[in-house]
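Here's the structure, in structure tokens; my notes come after.
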Amino acid sequence: MRIAYWTGYSPVFDPHTTVTEDWELPGGGWGSERSLAQMAVELVKRGHHVEIFCWRTSPLPVFNATDFDVIVVQRYLHFWLYEESQGVPVVFWQHDVRPLTGYENTLLWQDGRQTYANFVQAGLCTKSVMLTPSHTYGMMQHYNIPHNHFVEIGHGLPPPKSDTSGIEKVKNRMVWISGWNRGICTALEVINKIDPEKHKIEFHIYGHQAQHEGDENAPYPGRTLQFFDWRNPSLRQLIEESPHDIQLFGYVSDEEIEKAWAECDILLYPTDFVETYCICALEAQRAGCFIIASDLGSLPHTIGDRGVLVPKRGAEGVDMEHNDYIRVVAQTLSTYMDNPELTIPYREAGKAWADEQTLENKADEWIALLESVIKTNEEKKSRD
């Protein structure tokens, strides 16, 4: 197959890339970008031709839809709507809670094409790939699109780049490998409630942020602790006043992240972000970490009963007050640190599940879907 990926603005993709077997995404990227890059390389290894187009600069990259058998539009749909499919089938690969940012219920461009639902109903999108059942359900409810339009294909992990089999867990070591806007302050508030005399915690903060101002080697050099001060001034204070060992590492290599997961004992993820999947939870489970997290979005699927989910809502169905939630999560964390043997079944179940979520398996699902879409489109053309 000749496959075109079209993605929205991203600081890590070039405007046009012809993917090779040894190509790597420059500068890291977020989970959705990394998953695209990994899948593209895997498909090339299977003998398919893959090109990635990214609207990150003006003018737009030169693109001719008829050069391809199928087009996969990733993330925000309105980045694609400048282009025409010219009869080539389009599959929408959604990673977010909304397919359009800032354009809800409005005309998109001058030619009258409207929101996601209209795009689907007009037959301009053959299938939409969602990551989890809750992701699908949210789209169905919000846009009133039939269930048979959706296909669920979750993320898969590529083989590790390094051998971490001889690395042991560090007791009470926790890591944060996610966006700082996804609950890092809540995690720090929980950690700071734990008595350091009883349980001394190491909290290692990673991510695609620079370690300091002027760190131009980072993929996102402006995303420093100083940058986050104006968004959440309490972050610096929570770090500086913590009685525990809090360390910031900034951006590191994939091999260093694999080592970090191997040494990580517990993933504490009390996020208030509505995850559509959560790749870091998948990585944590593959590494045998014990997970305590909130129950928002798709976490009941990605973590489920393989970890401990602390509901954001109380028994009356009302969202807990923030301080009450911090207290409950801290009590839960303390209980399992007091009784580490209770975490073993969760670790084993999580690793068994994560070991099945491979990039190879997900590539099989993608190939089957794309071949089906191409075949259906060809049959439609022959009838017409």
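Annotation note: of R383, R347, R327, R313, the sole residue that is farther than 28 Å from A37 by Cβ and in contact with a Cys (Cβ under 9 Å, 6 or more places away or on another chain) is R347.
Taken as a whole, the structure leaves Q209 outside the set of residues that are modelled with pLDDT under 95 and not in a loop (DSSP other than H, G, I, E, B). What about F273, is it surrounded by 13 or more Cβ atoms within 10 Å (Cβ to Cβ), at pLDDT below 85 and farther than 25 Å from D14 by Cα? When the stated conditions are applied, F273 does not pass them. The single condition from (1) at pLDDT below 75; (2) surrounded by 17 or more Cβ atoms within 10 Å (Cβ to Cβ) that S128 fails is (1). Does R327 satisfy the condition of being in contact with a Phe, Trp or Tyr (Cβ under 9 Å, 6 or more places away or on another chain), more than 21 Å from G138 (Cβ to Cβ) and of a type outside the set (A, V, I, L, M)? So R327 does not fit the description; no. Considering region 296-384, the qualifying helices (runs of 4 or more DSSP H), each wholly inside and each with 1 or more residues that are more than 28 Å from the chain's Cα centre (by Cα), run over 322-338, 359-383. Kindly indicate which of G31, G87, G112, G123 is within 25 Å of R182 (Cα to Cα) and modelled with pLDDT under 90. Just one listed residue meets the conditions, G31. Taking region 124-160 as the range and being under 17 Å from P300 (Cα atoms), of a type in the set (A, V, I, L, M) and in a loop (DSSP other than H, G, I, E, B) as the test, the residues that pass are L131, I153. Only residues that are modelled with pLDDT of 95 or more, in a loop (DSSP other than H, G, I, E, B) and buried (at least 19 other Cβ atoms within 10 Å of the Cβ) were counted in region 161-193, giving 1. Within region 138-179, if we keep just the residues that are in contact (Cβ under 8 Å) with a residue 12 or more places away in the chain and acidic (D, E), the residue that is farthest from C289 (Cα to Cα) turns out to be E152.
For every residue, the table says whether it meets (1) at pLDDT below 95; (2) exposed (fewer than 13 other Cβ atoms within 10 Å of the Cβ); (3) assigned by TED's automatic domain parsing to the domain that holds F273.
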{"residue": "I303", "(1), (2), (3)": "no, no, yes"}
{"residue": "R306", "(1), (2), (3)": "no, no, yes"}
{"residue": "A315", "(1), (2), (3)": "yes, yes, yes"}
{"residue": "M320", "(1), (2), (3)": "yes, no, yes"}
{"residue": "D324", "(1), (2), (3)": "yes, yes, yes"}
{"residue": "V329", "(1), (2), (3)": "no, no, yes"}
{"residue": "P345", "(1), (2), (3)": "no, yes, yes"}
{"residue": "A349", "(1), (2), (3)": "no, no, yes"}
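The values are calculated or read from the model by the stated rules, or taken from the named source; none is laboratory data. Keep in mind that what you see is a predicted model, and the values were worked out from it rather than measured. Neighbour counts run over all protein chains shown; Cβ positions are idealised from the backbone, glycine included.
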